[in-house]
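These notes concern the structure reproduced below.
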Amino acid sequence: MLVDGKWTTDWQPVQAKDEKGGFVRQISGFRNWVTPDGAPGPTGEGFAAEAGRYHLYVAYICPWASRTLIGRSLKGLEDVIGLSVVEPALTKEGWRFGGYPGSTHDEVNGATYMHEIYTRADPHYTGRATVPVLWDKERGTIVNNESADILRMMNDGFGDLATGMIDLYPEQHREAIDAFNARIYPGLNNGVYRAGFATTQLAYEEAFLDVFTTLDWVVGELGDRSFLFADHPTEADIRLFVTLVRFDAAYHGLFKCNLRRLADYPRLRAFVRRLHDWPGVAETVNLDHIKRGYYSIASLNPAGIVPVGPAQEMLF
């Protein structure tokens, strides 16, 4: 991680833990907002929406980054916001740009590692160099590195620059979406990480129980509907999808969330297939990156062997 702008140690998945040995996620450090007229958003400063001004840094393996990729696609912002994709395997210095298939070099800042983007924005930055990052090329700084904020910006922050007709956060469903998001984040989205990176049996078993209790609850909430709250995907569907699409490939085995597979939940598997087949979503899913990325975590998989399965048709 970075300490006062200097890379100080090899990358580790767990930088903080609670008194039970549970995984504690770092709080995002940049919380500014892009808005149509540059007015301040809910936090931080306001940045005016302009075509070609902003650039998105992501990893295909990362569910948080994938939220923003899907939002960029569904809102028709591919020609408005540029994109750089890091390599899937985590190095001793974290995310790296390069030539692995599906990855890119950093054509905006010429960085080799993601942590260099953070120190360009703040030469004294302390913390982990995470993705996604929304970068402002005009001011040469990070606008925001919180996926939930960036997804909301994709929905309405770019105003008329967005061509997608889908409203990812429809006003009449906002209360229900917020409540759903608040339930699945600790139990499922972050729950799988709490299980995978637990450092005690107690912390692992608590997280494990939360994961499968939440999955059972989601099955009931979804019922026989195609999507959770509308006749099209909303941000709640996106938040659910990015975890489910990785479940059998990474979380079931590597993270020890092995009570059941996604394939054992017919409604959830059908939901994943529907959203994956929605125009613009399949291009944001790279199963090779997902497996190579997660199984590159040396503390969980010292030999670095990447499993051959599961077969892609079992997921989609």
Relative compactness, the chain, computed as alpha-carbon Rg over 2.2 N^0.38 Å: 0.95
With a probe of 1.4 Å, find how much accessible area segment 127-234 has per residue, and write the answer as a whole number in Å². 41 Å²
Please compute the alpha carbon radius of gyration of segment 167-316, then divide it by the globular-protein estimate 2.2 N^0.38 Å. Two decimals is fine. 1.04
Enter the accessible area of Thr130 (Å², nearest 10), with the probe set to 1.4 Å and all protein chains included. 40 Å²
Can you compute the FRET efficiency between Gln201 and His124 using 1/(1 + (r/R0)^6), with r the Cβ-Cβ distance and R0 = 41 Å? Round to the nearest 0.05. 0.60
So the FRET efficiency between Ala282 and Thr163, C-beta based with R0 = 22 Å and rounded to 0.05, is 0.70
Trypsin sites (Lys or Arg not before Pro), restricted to segment 79-184: which are DSSP loop and have at most 16 other Cβ atoms within 10 Å? Lys92, Lys137, Arg139
Round to the nearest 10 and report in Å² the accessible area of Trp33, as given by a 1.4 Å probe over the protein chains' heavy atoms. 30 Å²
How large is the accessible surface of Met154 in square angstrom, using a 1.4 angstrom probe and rounding to the nearest 10? 0 Å²
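Under the 0.36 nm per residue contour assumption, what length would be gained going from the current alpha-carbon distance of Asp79 and Glu45 to full extension?
Value of the extension gain: 9.8 nm.
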Just to be sure I understand the curve: with the Debye formula and one point per C-alpha of segment 94-151, what is log10 I(q)/I(0) at q = 0.23 Å⁻¹? -1.01
Anyone know which of Glu171, Glu283, Glu78 comes out most mobile in the 10 Å Cα GNM of the chain? Glu171
Just the number please: accessible area per residue for segment 265-316, 1.4 Å probe, all protein chains included, in Å². 49 Å²
Given +1 on the Cβ of Lys and Arg, -1 on the Cβ of Asp and Glu, and no further charges, what dipole in debye does the chain carry about its Cα centre, rounded to the nearest 20? 880 debye
Excluding ligands, DNA and RNA, the carbon-plus-sulfur percentage of the accessible area of segment 136-205 with a 1.4 Å probe reads 48 percent
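How much length, in nm to one decimal, is gained on full extension between Val306 and Arg174, taken as 0.36 nm per residue of separation minus their Cα-Cα distance?
Length gained, Val306 through Arg174: 43.5 nm.
The values are calculated or read from the model by the stated rules, or taken from the named source; none is laboratory data. Bear in mind the structure is a predicted one, so any value in this text is a computation, not a measurement. Note that each Cβ is placed from the backbone with ideal geometry, even for glycine, and that neighbours are counted across all protein chains shown. We work out accessible area using only protein heavy atoms, side chains counted, and drop any ligands, DNA or RNA first. Shrake-Rupley method; radii C 1.70, N 1.55, O 1.52, S 1.80 Å.
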